[in-house]
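This report concerns only the one structure given below.
The values are calculated or read from the model by the stated rules, or taken from the named source; none is laboratory data. Values in this document were obtained by computation on a predicted structure and should not be read as measured data. Cβ coordinates were reconstructed from backbone atoms using ideal geometry, including for glycine residues, and neighbour counts include every protein chain displayed.
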Amino acid sequence: MMMDESSKQAALTLAREALRTHFGLIKAAPPMPTAAIFQEQRGVFVTLTMGGKLRGCIGDLEANKPLCRAITELAVAAATRDPRFPPLVAAELDQVDLEISLLTPLQPVSHWHEIKLSQHGVMVENQGRRGLFLPQVATETMWDLETFLRILCSQKAGLPPDAYLDPKTKLFTFEAEVIKEN
């Protein structure tokens, strides 16, 4: 189910207000949106950028809570718990742009050639390690498919770069509806 424009704006407002509440800039978050889509359980990622550069990204592939709750929790987590970055501080909040990616369920891939860059996000799994790239990573980086998979394996999953060729490696794809500020 795709979000209409009103729900997209409500999702971005929900994430922004969760951050403002977390940093004490407002006393209480506004009420949760009432549109039915916000009660759906879907995988979601929240990405923060500053000056066009990644500042935090945290998500949940598991559809185990209502979307409204997932968005608020993940917005705060992206600001405070992404181990690649120091926690965001209140003074940076006005400089941060939000992006919310609503995910379709994971689909197993039988061969890596089935992956369509910019359409599919990819999760790789082997030896108890997992790594994931959202679909927009391919568009932003302009990598070819093999570079995309090598970097996913090595930098995101901590596997050998060619692990995607290993028959024991599981590959999954998903798609995302991406909602951005600005």
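Among the residues of the stretch 132-176, those that are closer than 13 Å to LEU117 by Cα, in contact with a Gly (Cβ under 8 Å, 6 or more places away or on another chain) and either part of a loop (DSSP other than H, G, I, E, B) or basic (Lys, Arg) (or both) comprise LEU134, GLU175.
Being within 19 Å of the chain's Cα centre (by Cα) and either part of a helix (DSSP H, G or I) or not small (Gly, Ala, Ser) (or both) is the filter here; which residues of the stretch 109-124 pass it?
Passing the criteria: ILE115, LYS116, LEU117, GLN119, HIS120, VAL122, MET123, VAL124.
A quick yes/no check of all residues on (1) out of contact with any Cys (no Cβ under 7 Å at 6 or more places or on another chain); (2) in the same structural domain as PRO31 (by TED's automatic domain parsing); (3) of a type in the set (Phe, Trp, Tyr); (4) more than 24 Å from MET2 (Cα to Cα):
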{"position": "GLY59", "(1), (2), (3), (4)": "yes, yes, no, no"}
{"position": "ARG69", "(1), (2), (3), (4)": "yes, yes, no, no"}
{"position": "LEU74", "(1), (2), (3), (4)": "yes, yes, no, no"}
{"position": "ALA90", "(1), (2), (3), (4)": "yes, yes, no, yes"}
{"position": "GLN95", "(1), (2), (3), (4)": "yes, yes, no, yes"}
{"position": "MET123", "(1), (2), (3), (4)": "yes, no, no, no"}
{"position": "ARG130", "(1), (2), (3), (4)": "yes, no, no, yes"}
{"position": "THR141", "(1), (2), (3), (4)": "yes, no, no, yes"}
{"position": "LEU145", "(1), (2), (3), (4)": "yes, no, no, yes"}
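When you scan the stretch 167-180, do you find a residue that is without any contact (Cβ under 8 Å) to a residue 60 or more places away in the chain, in contact with a Ser or Thr (Cβ under 6 Å, 6 or more places away or on another chain) and not assigned by TED's automatic domain parsing to the domain that holds LYS53, even just one? Within the stretch 167-180 (the criterion being without any contact (Cβ under 8 Å) to a residue 60 or more places away in the chain, in contact with a Ser or Thr (Cβ under 6 Å, 6 or more places away or on another chain) and not assigned by TED's automatic domain parsing to the domain that holds LYS53), the answer is no, since none of the residues qualifies.
Any residue at all in the stretch 135-143 that's over 22 Å from LYS170 (Cβ atoms), among the polar types (S, T, N, Q) and in contact with a Phe, Trp or Tyr (Cβ under 8 Å, 6 or more places away or on another chain)? Yes, the stretch 135-143 contains at least one residue that is over 22 Å from LYS170 (Cβ atoms), among the polar types (S, T, N, Q) and in contact with a Phe, Trp or Tyr (Cβ under 8 Å, 6 or more places away or on another chain).
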